[in-house]
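Written below as structure tokens is the structure these notes are about.
The values are calculated or read from the model by the stated rules, or taken from the named source; none is laboratory data. All values reported here derive from a predicted model rather than from experimental measurement. Cβ placement follows ideal geometry from the backbone for every residue including glycine, while neighbour counts extend to all protein chains displayed. When the accessible area is computed, the model is the full protein with side chains, heavy atoms only, and any ligands, DNA or RNA have been set aside. Shrake-Rupley method; radii C 1.70, N 1.55, O 1.52, S 1.80 Å.
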Amino acid sequence: QASVDYAFSNGFAVGAWASNVDFEGVDDSADIELDLYVSYTGEISETSSWTAGVVYYLYPGADATGEYPEFYVGLNTGPFAFKQWFADDLYESGESALYTEINATFELPQNF
């Protein structure tokens, strides 16, 4: 796996991520997933911000695995981050996807 990211000082960020994949029984021709993404983060207060972005999933050389975009909006406050994700046409299947991501970041005790 590999990724490259760049965050601009105005709140925008861009990047790409790639990994090998194996969709056994679904699409044996898909060997690589390439994700291209762009986001924007705006400050609400010293400890809170909002974010919005899009990720475009590509599978170069795949026969059946479709390329598709996925969108998100989120809120970061203190150690918590919440994102709501949506894909209108997941894997070009005609099905939509909606899910919530929740994260927390805490510093571990020293020497742990």
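Overview of results
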quantity	calculated
Residue that is open to solvent by less than 60 Å² (accessible area, probe 1.4 Å) and aliphatic (A, V, I, L, M), where the choices are Ala2, Ala87	Ala87
Pair list, Cβ < 6 Å and 6+ apart or interchain, from region 67-88 residues that are on the phi > 0 side of the Ramachandran plot to residues that are outside any strand (DSSP E or B)	Gly78/Thr47
Positions within region 65-80 being of a type in the set (A, V, I, L, M, F, W, C) and loosely packed, with under 14 Cβ neighbours inside 10 Å, in sequence order	Phe71, Val73, Phe80
In region 1-12, the residues that are closer than 22 Å to Ala87 by Cβ and in a loop (DSSP other than H, G, I, E, B)	Gln1
Residue in region 4-13 that is at pLDDT 95 or above and of a type in the set (Ser, Thr, Tyr) present	yes
Hits in region 55-112 - residues which are more than 30 Å from Asp31 (Cα to Cα) and part of a loop (DSSP other than H, G, I, E, B)	Gly78, Pro79, Thr105, Phe106, Glu107, Leu108, Pro109, Gln110, Asn111, Phe112
Every residue from region 13-54 that is open to solvent by 30 Å² or more (accessible area, probe 1.4 Å), farther than 16 Å from Lys83 by Cβ, among the polar types (S, T, N, Q) and part of a strand (DSSP E or B)	Asn20
Filter pass, Glu101 being open to solvent by less than 90 Å² (accessible area, probe 1.4 Å), touching a Lys or Arg at 6+ places or on another chain (Cβ under 8 Å) and either charged (D, E, K, R) or on the phi > 0 side of the Ramachandran plot (or both)	yes
Single unsatisfied condition, Ala62 versus (1) modelled with pLDDT of 95 or more; (2) open to solvent by less than 30 Å² (accessible area, probe 1.4 Å); (3) over 30 Å from Glu107 (Cβ atoms)	(1)
Evaluation of Asn10 against (1) within 28 Å of Tyr91 (Cβ to Cβ); (2) open to solvent by 80 Å² or more (accessible area, probe 1.4 Å) (one fails), failing number	(1)
